[in-house]
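My structure is below; once you've seen it, I'll send some questions.
FYI, it's all coordinate maths here, none of it is from the lab. Because the structure is predicted, anything quoted here is derived from the model rather than measured. Here the Cβ is made from the backbone with ideal geometry for all residues, glycine too, and neighbour counts use every protein chain on show.
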Amino acid sequence: MKKLPEGLYEQVMNQYIQNLKKIDQQYDTIPIHDIADIPSLLTHYLVPVLKKSLTILEEKHEPLNNQIERCNEIINQLSLWTGEEYLKKCQVTPEGEILLSVMEKEQIKIKPKIFRPITSLSHSSLFTGSRDEPSLLQELKAEIVSSDRIDMLVSFIKWSGIRLLMDELSQFCRHGKLRVITTSYIGATDLKAIEFLSQLPNTEIRISYDTERTRLHAKAYYFYRESGFSSAYVGSSNLSNPAITSGLEWNVKLTEKDAGDILQKICVSFESYWDNPEFIPYNIGDKPVLEKALNQQKGSRGENELPALFDITPYFYQKEILEKLLVEREVHGRYRNLIVAATGTGKTIISAFDFRNFVRNGNTHARLLFVAHREEILKQSMSRFRVIMRDPNFGDLCIRGVIPLQIDHCFISIQTFNSTKFHSRTLPDHYDFIIVDEFHHAAAASYQTLLQYYHPKILVGLTATPERMDNLDILGYFDGKIAAEIRLPEAIDRNLLAPFHYFGITDTIDLEDVS
């Protein structure tokens, strides 16, 4: 006769388990009366028993009206046992229907339909970002417009997320109350998002400015319904576009019918935060205070600058590109390499890791020339290289016609390169590693001196769009070959970038006669 597997249990003892007891097994038990909530314990025990019994009836092709009658017999017996007549009113109607909504008849003309979530309002569910499950964004939209009250607890709020829900929130706030708790932590919240929410009617916002002592990291959305079918989403998604659309975020939807005690705890915890002095009400006129707090959290660094000792590693797709570059050089002997990567996939980061690998591969004192056509790109790129090289002093800017004394690791604009005749200061083999950003511009005359004068050990071109409208060829600099690429459609398919959102704007001005 089989034994119970060893391990932990929390199971009501029944006759089946009692019959499995063996002399060579130790059974640790406690009396049921030691449990604080006996009704919940016994209810949880009965649920799978009832489900198993009804499943057997279904498998035996028992007619639906017979199954309903069995349920009603159980309810009737409970009424007799408890002496409570009202329990008989819980009997299922013979028609076997499920109530989906209730509306006042006058409201049907104004709002003929209540949009409802695809997922159940009575059973909990899990969202993992899979394509095979309902969209979290669409579910949130349906939850918002079908709620009577909403509480949101999120560590930061982005305009990209609010923009996706703004119509539903505007519709909801005309009749329902919205409460939001968030923070200014690391400056991640967008001021524009808070300003939009603060202008909605029936909306209150509270913000924690204390980022040293308390760091709120919770993400919870509570949708209260007077019908008794409230729901809550708890998980990893802040209010941002990637988090509620394409990010690999996990969120659990809890329902009042399925997890009422957990929803009650969410309510109590939210109220305790709401009443905590740390979370300060945001009112009209508080914009300068929040703006200052967010800027302080972002620090004095520029928008595109990272702390130099912030440790990062390449993403899996960036590793693939780096491996392809290695194959091009070590297997095929091609040291002039073009990388085609969609905007947002980190072309500069890839080139920085590529240079670091080159330095670590026996080229300790390698000289670098990084060329771009805009000052912002150069500043951002130098910041990224400082992070990858783990050197806060790595690189020098050559912009606006100014050349520093140190040019061994030079980030230079093509305009400054030409106006200062930069190449005349160095020998053709001075730079071991040259990177040209936005290489599709390199077909222009302004790049020819740079590309023809220098003979580096490695030349790397970066671009998202190698095909030029004027049909000038840039592949000729790379033996007609693209070393590695990740195009925009692939980046979107791999959830590396958000899909397109197009906005059409009506223009009624007649430009027919404008030259």
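Relative contact order, percent, of the chain when contacts are C-alpha pairs under 8 Å separated by at least 6 residues?
Numbers: 720 pairs, mean separation 55.7, N = 515.
Across the chain, relative contact order equals 11 percent.
Next question. Taking just the alpha-carbon atoms of the chain, what radius of gyration and Dmax come out, in angstrom?
Rg, Dmax (Cα atoms, Å): 32.2, 102.
Which whole-Hz couplings ³J(HN,Hα) result when phi for each residue of the stretch 150-162 is put into the Karplus expression 6.51 cos²θ - 1.76 cosθ + 1.60, θ = phi - 60°, listed in order with x for Gly and Pro?
Karplus-based 3J(HN,Hα) across the stretch 150-162 equals 10, 10, 10, 10, 9, 5, 8, 10, 9, 4, 4, x, 4 Hz.
Of all the Cα-Cα pairs you can form in the stretch 461-515, what percent are over 16 Å apart? Provide the component values of the computation, followed by the final result.
Values: 985 of 1485 pairs.
Across the stretch 461-515, Cα pairs with separations above 16 Å total 66 percent.
Which value, in debye to the nearest 20, describes the size of the charge dipole of the stretch 364-515 about its Cα centre when Lys and Arg Cβ atoms bear +1, Asp and Glu Cβ atoms bear -1, and nothing else is charged?
Working: 14 positive and 20 negative charges, 195 e Å.
Here the size comes out at about 940 debye.
Here is a further query. Express the Stokes-Einstein translational diffusion coefficient of the stretch 125-298 in µm² s⁻¹, to the nearest whole number, given a Kirkwood radius over alpha-carbon pairs, 20 °C and a viscosity of 1.002 mPa s.
Values: Rh = 16.3 Å.
For these conditions, the coefficient is 131 µm²/s.
If you place +1 on the Cβ of every Lys and Arg and -1 on the Cβ of every Asp and Glu, how big does the dipole about the Cα centre of the chain come out, in debye to the nearest 20? Numbers along the way, then the final one.
Details: 58 positive and 68 negative charges, 217 e Å.
Charge dipole of the chain: 1040 debye, to the nearest 20.
Per DSSP H run of n ≥ 4, the term is -39500 (n - 2.57); total these for the chain, divide by its residue number, and report the mean residue ellipticity at 222 nm rounded to 500 deg cm²/dmol. Before the final figure, lay out the partial values.
Working: 16 runs with 182 residues, N = 515.
My calculation for the chain gives -11000 deg cm²/dmol from helical runs alone.
Calculate the FRET efficiency for residue 405 and residue 248 from the Cβ-Cβ distance with a Förster distance of 60 Å, rounded to the nearest 0.05.
Values: r = 47 Å, r/R0 = 0.79.
In this case the efficiency is close to 0.80.
Report the paramagnetic label zone for residue 444: residues of the stretch 472-491 whose backbone N is under 16 Å from a point 7 Å from Cα along the Cα-to-Cβ axis.
472-474
Turning to a different aspect of this structure: Which entries in 113/253; 324/457; 158/379 show an alpha-carbon gap greater than 20 Å?
The answer is 113/253; 158/379.
What FRET efficiency would be calculated for the residue pair residue 452, residue 513, taking the C-beta separation as r and a Förster radius of 56 Å, to the nearest 0.05? Numbers along the way, then the final one.
Details: r = 47 Å, r/R0 = 0.84.
Result of the calculation: an efficiency of 0.75.
In the stretch 377-515, if the dipole is taken from +1 on Lys/Arg beta carbons and -1 on Asp/Glu beta carbons about the Cα centre, which of 446, 380, 498 is farthest to the positive end?
Of the candidates, 380 comes out farthest on the positive side.
Multiply the residue gap between residue 47 and residue 420 by 0.36 nm, knock off their C-alpha separation, and tell me the result in nm, one decimal place. Before the final figure, lay out each step's value.
Details: separation 373, 0.36 × 373 = 134.28 nm, distance 8.16 nm.
Gain on stretching residue 47 to residue 420: 126.1 nm.
Additional query: Given the Cα-Cα distance of residue 287 and residue 493 and 0.36 nm per residue of separation, how much length would full extension add, in nm? Mind showing how you got there, number by number?
Values: separation 206, 0.36 × 206 = 74.16 nm, distance 3.86 nm.
70.3 nm is the gain from fully extending residue 287 to residue 493.
Counting Lys +1, Arg +1, Asp -1, Glu -1, what net charge surrounds residue 367 among other residues with beta carbon under 9 Å of its beta carbon? Could you put the intermediate results ahead of the total?
Details: positive: none; negative: 408, 432.
So the surrounding residues net to -2.
Using packing as a proxy for protection, rank 450-461, 60-71 so that the peptide with the highest average count of other Cβ atoms within 10 Å comes first. Could you put the intermediate results ahead of the total?
On the way: 450-461: 18.2, 60-71: 11.8.
Averaged packing, sorted descending, gives the order 450-461, 60-71.
Separation between the residue 4 and residue 267 pseudo-spin-labels, each 7 Å from Cα along Cα→Cβ, expressed in nm?
3.6
Okay, moving on. In sequence order, what are the phi-derived ³J(HN,Hα) couplings for the stretch 32-40 according to the Karplus relation 6.51 cos²θ - 1.76 cosθ + 1.60 with θ = phi - 60°, rounded to whole Hz, with x for glycine and proline?
The phi angles translate into 4, 5, 7, 7, 5, 10, 5, x, 5 Hz.
Note down the magnitude of the dipole of the stretch 125-298 about its Cα centre, charges +1 on Lys and Arg C-beta and -1 on Asp and Glu C-beta and zero elsewhere, to the nearest 20 debye.
Working: 20 positive and 23 negative charges, 73 e Å.
The dipole magnitude comes to about 360 debye.
Quick one: which of 327-335, 245-253, 383-391 comes out on top by average Cβ neighbours within 10 Å, and what's the full order, highest first? Can you show the working numbers first?
On the way: 327-335: 12.8, 245-253: 18.0, 383-391: 19.8.
The most tightly packed comes first, giving 383-391, 245-253, 327-335.
If contacts are Cα pairs under 8 angstrom and at least 6 residues apart, what is the relative contact order of the stretch 57-180 in percent?
Working: 77 pairs, mean separation 21.2, N = 124.
Relative contact order comes out at 17 percent.
For the stretch 237-254, what does the Karplus curve 6.51 cos²θ - 1.76 cosθ + 1.60, with θ = phi - 60°, yield as ³J(HN,Hα) per residue in whole Hz, taken in order and with x for Gly and Pro?
For the stretch 237-254, the Karplus curve yields 8, 6, 7, 9, 4, x, 5, 10, 10, 10, x, 7, 9, 10, 9, 9, 8, 9 Hz.
I would also like to ask the following. Which order do the peptides 170-176, 337-343 come out in when sorted by mean C-beta neighbours inside 10 angstrom, highest first?
On the way: 170-176: 15.7, 337-343: 22.0.
In descending order of packing, they fall as 337-343, 170-176.
Let me ask another. Under a point spin-label approximation (7 Å from Cα along Cα-to-Cβ), what is the residue 68-residue 15 distance to one decimal in nm?
Each label point lies 7 Å from its Cα, and together they span 3.2 nm.
Taking the alpha carbon gyration tensor of the stretch 316-493, what are the square roots of 5 times its eigenvalues, largest first, to the nearest whole Å? Please list the in-between numbers first.
Numbers: eigenvalues 106, 74, 54 Å².
Taking √(5λ) for each Cα gyration eigenvalue gives 23, 19, 16 Å.
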